[in-house]
Amino acid sequence: MVNKTPSGLDIKKGDDCSANAFSWAKTTFKNRPQDQGNIILGDKKSYSSLLRFGNEKIGITSDGIGTKIELAERLQKYDTLGFDLVAMVADDLVTVGLEPTSLSNILDVDHLDQTIINSLMQGLAAACAYANISMTGGEIAELGNRVGGYGNQMHFNWAATAIGVLPPSLSQAIDGTQIEKDHVVLALQSDGFRSNGFSLVRKVMQAAFGDEWHQVTYNKTTTWGEKLLTPSKIYTPFIQALVQSKIELTGVAHITGGGILQNLNRILEPNQKGAVLNNLFAPHDTMQQLIDIGNLTEKEAYLYWNMGNGMLLVAPKNQVADIKKIAVQQHYKVQVAGVVTDQSTIDLQTYTGQYLQANI
C-alpha cells in the first residue's frame, strides 16, 4: 500500500529509506577506536550524532533548505536563505545541548551567477554571526542540467554540515532519559513555516492560484511569495543561554519534518513517557488559510508544518519561571504548552479544539 499524502510524498517509503541508510551507517561505528570518534547516541533518535574524542564530546549533523529555494527563485531574493540553512543544522545540534561552532556548506548549481552566490553567502554569513558560528568550509559544484528550478536564473540546491561541542556546563547530553512525569513542556513560537513542508505549500498554492501564485496578494503590503519566504527563526542563542545559565532541560525537540507529534516522540520515547499538549501557540494565519485553500485536515497540517511552534522544551516545573525570564531577555516567545505523563501516547489539542494522538 502506498502511503501517499497531500504533498505527493510517500512518508513510509522515506522513513524506510532513512532506516536502511542508518542501518549501513551503524556497521561503520566499530571502525573507530572507543575514544576517537566513537558514536555515543548512535541507537537513539537524536537530531545529531554525538561523538567522543578523548574527554571531548562533539556533535555533527547535516541538512538542507529543501524546496523553499523555489520561493527565493520566484522572488529573486536570496539573502534570507542562509537563516534557513543555519536553523536546520544549528538548531538540531542544540537539541542535545551542543554548542554549534562551525559549518561547512555545499552549493550545487546549474550554472554560476556571481551576484546570486554573493547574496546567498552574505545571508549565510549574517546567520552564522547571529548563531555565533564560523563558516569554515564549502564547495560550489556546477552541475548543468542536473539541477533545475523556477525561471531562467541560476538554479541550485543548498545543504550544510555543522559541528558542535558539549559545553563544560553539561555533564551529559540532553537525550530525554531524564524526562519524568509532570515535567513541563514549553513551546517556542516560530515566525512561519521555517524550512519544512514546502512541497505541500507549493502544491496547494499551485492548485489554487496557478503558475504565478507567488504574486497573489496576501495583504495590502505583501504577496504570498514574500510572506512564505519569511526566514527561519534560529533558536540556538536562546538554548545556549539556558544551558549557560544552568537551567535544567530534560528534553529539546526541534519541530521540523514530521511535525510536533513525531519530533516530540523522539525525546519522550527513550524514557517511555507521553504528554498532553493543550496550550500550544496557534498556527500562523498563513497556515490557517492554506488549510482552507487546500481543503486539508488538521492532522495533515500538523504532520507537515510546525503550526506556530518551532521548538519544544521539557523541564521540571521549578525551571519554568527562569526559562521565561531568559526568553524575554533573548527576545523569544515561550509559553507552557503541556505536561509529561506516564501514558504511552501524545495527545495534542489543535487550534480548533480537536485532539490528535500519537503512540510512543
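Where a number appears in this text, it was derived from the coordinates with a stated rule and is not lab data. Just so it is clear, the model here is predicted, and its values are computed rather than measured. FYI the Cβ positions are ideal-geometry reconstructions off the backbone, even for glycines, and counts take in every protein chain you see.
In table form, for the structure just shown:
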quantity	calculated
Karplus (6.51, -1.76, 1.60) ³J(HN,Hα), θ = phi - 60°, over the stretch 58-66, in Hz, Gly and Pro reported as x	10, x, 9, 8, 10, 6, x, 7, x
With 10 Å bins from 0: P(r) over the stretch 210-319, alpha-carbon pairs, percent	11, 36, 31, 15, 6, 0
Under 14 Å, Cβ to Cβ, from M287 - net charge with Lys/Arg +1 and Asp/Glu -1	-2
Furthest towards positive pole of dipole, N263, T115, S102, structure part the chain, Cβ charges	N263
Theoretical FRET efficiency, 1/(1+(r/R0)^6), r = Cβ-Cβ of W24 and T345, R0 35 Å, to 0.05	0.60
For I140, distant residues with modelled amide H under 5 Å away	L107
Expected 222 nm ellipticity per residue - DSSP helices of 4 or more, -39500 (n - 2.57), all of the chain, to 500	-9500 deg cm²/dmol
For the stretch 105-135 versus the stretch 45-103, the gap between their alpha-carbon centres in whole angstrom	13
Amide H partners (placed H, <5 Å) of S232, local residues excluded	D84
Counted charge near G151, where neighbours are those whose Cβ lies closer than 13 Å (Asp, Glu -1; Lys, Arg +1)	-4
Peptides ranked, highest mean first, by Cβ atoms within 10 Å: ranges 48-59, 294-305, 326-337, 73-84	73-84, 294-305, 48-59, 326-337
Span from the the stretch 278-319 Cα centroid across to the the stretch 206-248 one, whole angstrom	13
Bridge type composition, the stretch 51-203 - antiparallel percent by DSSP, nearest 5	70
³J(HN,Hα), Karplus 6.51/-1.76/1.60, whole Hz, each residue of the stretch 274-287, x for Gly, Pro	x, 7, 10, 10, 10, 8, 6, 4, 5, x, 5, 4, 4, 5
Normalised contact order of the stretch 90-140, rounded percent, pairs of Cα under 8 Å and 6 or more residues apart	55
The chain, relative contact order [Cα under 8 Å, separation at least 6], %	20
Table column - 3J(HN,Hα) (Hz), the stretch 160-167, Karplus curve with 6.51, -1.76, 1.60, x for Gly and Pro	8, 10, 10, 10, x, 10, 6, x
Cβ-placed point charges (K, R +1; D, E -1), dipole of the stretch 55-158 about Cα centre in debye, nearest 20	120
Protection-proxy order for peptides 253-264, 161-172, each taking the mean of Cβ atoms within 10 Å per residue, highest first	253-264, 161-172
Tensor-based shape of the stretch 127-218 (alpha-carbon gyration tensor, a/c under 1.5 rounded, otherwise prolate or oblate)	oblate
Fraction of beta bridges assigned by DSSP in the chain that are antiparallel (%, nearest 5)	80
I255 long-range amide H proximity, modeled H, under 5 Å	M311, L312
